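Quick note: the coordinates plus some simple rules give every number you see, no bench work behind them. All values derive from a computational prediction rather than experimental measurement. Ideal geometry is used to build each Cβ from the backbone, glycine not excepted, and the neighbour counts take in all protein chains shown.
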Amino acid sequence: MQRKEFLKTLGFASLAIPLSAACGNEAENPDSNDACATSPAETAGPFPTKSPESFVIQDIRSDRQGIDMTLEITVQNKNTGCGPLEGAMVDIWHCDKDGYYSEYGGTGLQSLNLTNVHFLRGRQSTNANGKVSFLSIFPGWYNGRAPHIHVHVFDASGKSLLVTQIAFPTDVCDAVYTTATQFYTKGKQDTSNARDGIFADSLARQLGVATGNINEGFTLAHTIVVNG
């Protein structure tokens with residue numbers, strides 16, 4: 001669907017669409033025969049949170065500007081038939097609207113030096129339903145990567161269970177980046193999910209589902225399965 005037709009159908013102020021529906025084949029699950037498959041493991045680098053234990057917070061926006069986004073993550077335990085995993089620690093981090101990460105910079109990977117500031121990073125402990133929630137912003141993008149959120153899940157004792165990433169659908173990102181230009185000034189991302197080295201082989205199990213709109217913000221929901 002062309003962007004013009006997409007926005008005409010939804011309207012600028014009513015962009016409410018499940019992310020899984022927005023991408024057609026992106027939402028098809030290649031592991032549909034295994035309803036309790038462990039989520040794909042991915043790299044934590046190059047910008048993981050340096051001291052995550054210091055960021056037990058729900059609102060991770062700090063001074064960053066962008067469309068508000070609530071991130072809701074459910075952690076399930078493969079070892080109990082994908083029952084909820086209570087007491088797991090969930091760390092998340094992602095870039096700001098311009099594609100920059102806090103805690104890093106001044107190098108070839110990120111020229112802007114943000115080593116002394118902390119934003120868009122946080123951790124929460126899952127409740128009895130295996131859920132955590134963060135208040136953040138819709139992330140921007142940077143060269144060579146599709147828009148994404150990093151997630152690191154630990155058990156209650158601090159043992160690492162899984163590092164993974166959450167993807168966004170192309171149509172929703174296109175609409176955000178070309179409509180909310182008061183925040184997102186670079187236009188559409190330069191790398192699609194299909195060409196992203198992280199998501200190309202496992203997108204169906206890493207694609208989030210969102211509801212909401214550009215004016216009021218989005219809620220992004222995703223389920224992660226670990227060997228707890």
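Grab the Cα-Cα distance for residue 178 and residue 156, subtract it from 0.36 nm times how many residues apart they are, and report the gain in nm with one decimal. Walk me through the numbers before you get to the answer.
Working: separation 22, 0.36 × 22 = 7.92 nm, distance 4.15 nm.
Value of the extension gain: 3.8 nm.
Looking at this model, which pairs from 50/78; 97/188; 50/131; 131/186; 50/186 are more than 22 angstrom apart at the alpha-carbon?
50/78; 50/131; 131/186; 50/186
Residue by residue through region 176-187, which ³J(HN,Hα) values in whole Hz follow from phi under the Karplus form 6.51 cos²θ - 1.76 cosθ + 1.60 (θ = phi - 60°), with glycine and proline marked x?
5, 6, 9, 10, 8, 6, 5, 10, 9, 9, 9, x
Could you give log10 I(q)/I(0) at q = 0.18 Å⁻¹ for region 3-226, computed by the Debye formula over C-alpha point scatterers of equal weight, without solvent?
-1.44
Could you compute the FRET efficiency for residue 190 and residue 107, with r as their C-beta to C-beta distance and R0 at 22 Å, rounded to 0.05?
0.60
Placing +1 at every Lys and Arg Cβ and -1 at every Asp and Glu Cβ, with all other atoms neutral, what dipole size does region 3-226 have around its Cα centre, in debye to the nearest 20?
Magnitude of the dipole: close to 300 debye.
Just the Cα atoms of region 126-228: what Rg and Dmax do they give in Å?
Rg and Dmax of region 126-228, Cα atoms, are 14.9, 44 Å.
Which of 36, 95 has the fewest other C-beta atoms within 10 Å, and how do the rest follow up to the most?
The order, fewest Cβ neighbours first, is 36, 95.
Multiply the residue gap between residue 86 and residue 216 by 0.36 nm, knock off their C-alpha separation, and tell me the result in nm, one decimal place.
43.7 nm
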